[in-house]
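Values in this text are rule-based calculations from the coordinates and carry no lab data. No experiment lies behind these values; they were computed from the predicted model shown. Cβ atoms come from the backbone with ideal geometry, glycine included; neighbour counts cover every protein chain shown.
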Amino acid sequence: AQADAATDARIQALENELNAFKRELGKQSRTLQFQTVEVNALAFPPADKVGVKGDGKSVKFETDDKAFSYQVGGRLQADAAYYDADNSSGTTGAFGDGTKFRRIFLDVRGIIASDWNYRFQYDFARPGAGEASARGIRDAYLQYTGLGPYPITIGSHKEYIGLEHLTSGLYSTFIERSVADLFSADRHIGIGIGTYRPNWTANIGVFGERPEGDAANE
């Protein structure tokens, strides 16, 4: 009888230890579930959450999964000149003082459904319908990036002629581009595809007239 009582006591003690272990395991399991939820919330935020950020030049709205974005910005560049020339000889042809807005851009760009880029750019400053970069629509295109390093661009964009021409004016060494830029075709409506590597770039496209030009005169 004493042996049976001792056995029962040991069984009861083991059951108590097992129940305590189960309770502790349940607590740890619930803690792990909460931690998993927190980690997933940080690693995989809701796709419909939109963040806003700015860099001093533009404001950008973007979903957390970066599948959609809308960015609006622009650029303002102005020139001013003043000449203090010695005209004691009485010669004519004094230098002309003045100021001029060279560029006033409105620039809108973004992403649609991850694989589509869009951009629209309008310049309010450059006058003269005869100039290659006259006032009006400049960039206005859609770009498909689903092919990886081979984006396809359709709409009004720069023709693939001249490295200096394809480089943004923000990064040019001087205010004016060099004489070589006279041979560039600037922007026209067309479709093109290209790719690049660290030491080379390759592009091909077919282009027509300017977005606001007269097709009969292009």
| said: As an exercise, use a Förster radius of 30 Å and the Cβ-Cβ distance of ARG10 and LEU32 to find the FRET efficiency, rounded to the nearest 0.05. | reply: 0.40
| query | From the phi of every residue in region 186-194, what ³J(HN,Hα) in whole Hz does the Karplus formula 6.51 cos²θ - 1.76 cosθ + 1.60 yield, where θ is phi - 60° and glycine or proline is x? | reply | 6, 9, 9, 6, x, 9, x, 9, x
| field | Chain lengthening between LEU76 and VAL50 when straightened (0.36 nm per residue, less Cα-Cα) | value | 6.5 nm
| said: Going by amide H atoms built from the backbone, whose H comes under 5 Å of the H on ARG119, apart from near neighbours? | reply: TYR141
| field | For GLY208, distant residues with modelled amide H under 5 Å away | value | ILE189, GLY190
| said: Under 20 Å between alpha carbons, and skipping anything fewer than 8 positions from LYS100 in its own chain: which aspartates and glutamates qualify? | reply: ASP79, ASP84, ASP123, GLU131, GLU176
